[in-house]
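Okay, structure first, notes after.
The values are calculated or read from the model by the stated rules, or taken from the named source; none is laboratory data. Quick caveat, the model's predicted, so the values are computed rather than measured. All Cβ positions, even for glycine, are placed from backbone atoms using ideal geometry, and neighbour counts span all protein chains on display.
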Amino acid sequence: DAGVIQSPRHEVTEMGQEVTLRCKPISGHDYLFWYRQTMMQGLELLVYFNNKAVMDDSGMPKDRFSAKMPNASFSTLKIQPSEPRDSAVYFCASANQVYEQYFGPGTRLTVT
Amino acid sequence: AQKITQTQPGMFVQEKEAVTLDCTYDTSDPSYGLFWYKQPSSGEMIFLIYQGSYDQQNATEGRYSLNFQKARKSANLVISASQLGDSAMYFCAISPDGGATNKLIFGTGTLLAVQP
């Protein structure tokens with residue numbers, strides 16, 4: 001079975017540009033999470049969805065970040081405009097009613 | 001609010017020996033879940049083990065076991081018979097609703113190095 005799929009795996013962009021990260025959760029999973037990992041802040045939750053609805057986005061800087069889940073098999077995390085401090089690894093994870101969250105391979109974002 | 005504390009930034013262990021990675025937590029929720037994830041140098045996050053706050057027995061998964069002491073609010077990971085492939089970053093995490101259907105709050109991690 002395919003796991004969580006993220007694209008792109010690596011992204012390098014210039015400050016001020018728009019960046020879109022994509023995630024395909026495991027089929028049948030009702031929950032989708034976006035995490036960010038940096039050396040300074042560690043792993044932190046940005047936003048999560050249940051049945052395509054945002055449940056908690058308190059960790060997401062809303063002035064420049066937006067997350068959408070237009071259908072059960074696709075989610076995007078958009079940053080506009082990007083800043084160097086957004087450089088991080090962004091993980092998408094999905095879960096169903098059992099306890100394990102399955103993580104994708106991550107997208108390494110570098111903003112210059 | 002929930003919080004996870006991992007006080008060991010780095011640990012060394014000899015191959016084939018057991019190692020304990022410490023994790024303490026703080027929560028006021030009556031029901032919560034505790035998790036351990038492994039992150040090798042390749043970067044992916046690998047689920048290892050889960051303990052529910054109402055579970056009477058300590059969780060075990062192969063060579064991994066979770067030493068759950070509820071009164072002390074600790075959830076230490078024990079890896080038995082360490083292997084070179086166990087060298088990785090290990091994260092403890094807590095979820096307020098007892099399962100993975102809510103957000104995970106992670107600790108800062110412990111870097112484990114297994115020596116031959």
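Identify, by number, the condition in (1) β-branched (Val, Ile, Thr); (2) touching a residue at least 60 places away in the same chain (Cβ under 8 Å); (3) more than 18 Å from A:Tyr102 (Cβ to Cβ) that A:Ile26 doesn't meet.
Exception for A:Ile26: condition (3).
Considering region A:1-56 alone, what residues qualify as being among the polar types (S, T, N, Q), in contact with a Phe, Trp or Tyr (Cβ under 8 Å, 6 or more places away or on another chain) and within 25 Å of B:Thr108 (Cβ to Cβ)?
Hits for region A:1-56 are A:Gln6, A:Gln37.
Within region B:58-73, restricting attention to residues that are out of contact with any strand residue (DSSP E or B) (no Cβ under 7 Å at 6 or more places or on another chain) and within 17 Å of B:Ala18 (Cα to Cα), which residue is surrounded by the most Cβ atoms within 10 Å (Cβ to Cβ)?
Filtering first and then ranking leaves B:Thr60.
Could you check region B:1-100 for strands (runs of 3 or more DSSP E) lying wholly inside it with 3 or more residues that are under 26 Å from A:Pro105 (Cα atoms) and aromatic (Phe, Trp, Tyr)?
Of the strands (runs of 3 or more DSSP E) lying wholly inside region B:1-100, those with at least 3 residues that are under 26 Å from A:Pro105 (Cα atoms) and aromatic (Phe, Trp, Tyr) span B:33-39.
Residues to consider are B:Gln39, B:Gln57, B:Gln69; find the one that is closer than 20 Å to B:Val114 by Cβ and either modelled with pLDDT of 95 or more or more than 15 Å from the chain's Cα centre (by Cα) (or both).
B:Gln39
Please give the number of the condition B:Ile49 fails out of (1) without any contact (Cβ under 8 Å) to a residue 60 or more places away in the chain; (2) away from every other protein chain (no Cβ under 14 Å).
Single failed check for B:Ile49: (2).
Of (1) free of Cβ contacts under 8 Å to residues at least 60 places away in the same chain; (2) within 14 Å of chain B (Cβ to nearest Cβ); (3) surrounded by 15 or more Cβ atoms within 10 Å (Cβ to Cβ); (4) not aromatic (Phe, Trp, Tyr), A:Leu77 satisfies all except one. Which?
Of everything listed in (1) free of Cβ contacts under 8 Å to residues at least 60 places away in the same chain; (2) within 14 Å of chain B (Cβ to nearest Cβ); (3) surrounded by 15 or more Cβ atoms within 10 Å (Cβ to Cβ); (4) not aromatic (Phe, Trp, Tyr), A:Leu77 misses just condition (2).
Quick check on region B:101-116: of everything there that is away from chain A (no Cβ under 14 Å) and not in a loop (DSSP other than H, G, I, E, B), which residue is surrounded by the fewest Cβ atoms within 10 Å (Cβ to Cβ)?
B:Gln115
Please give the number of the condition B:Pro40 fails out of (1) without any contact (Cβ under 8 Å) to a residue 60 or more places away in the chain; (2) buried (at least 20 other Cβ atoms within 10 Å of the Cβ).
Condition not satisfied by B:Pro40: (2).
In region A:48-74, what residues are away from chain B (no Cβ under 12 Å), in a strand (DSSP E or B) and either surrounded by 15 or more Cβ atoms within 10 Å (Cβ to Cβ) or under 12 Å from the mean Cα position of the chain (by Cα) (or both)?
A:Phe65, A:Ser66, A:Ala67, A:Lys68, A:Met69, A:Phe74
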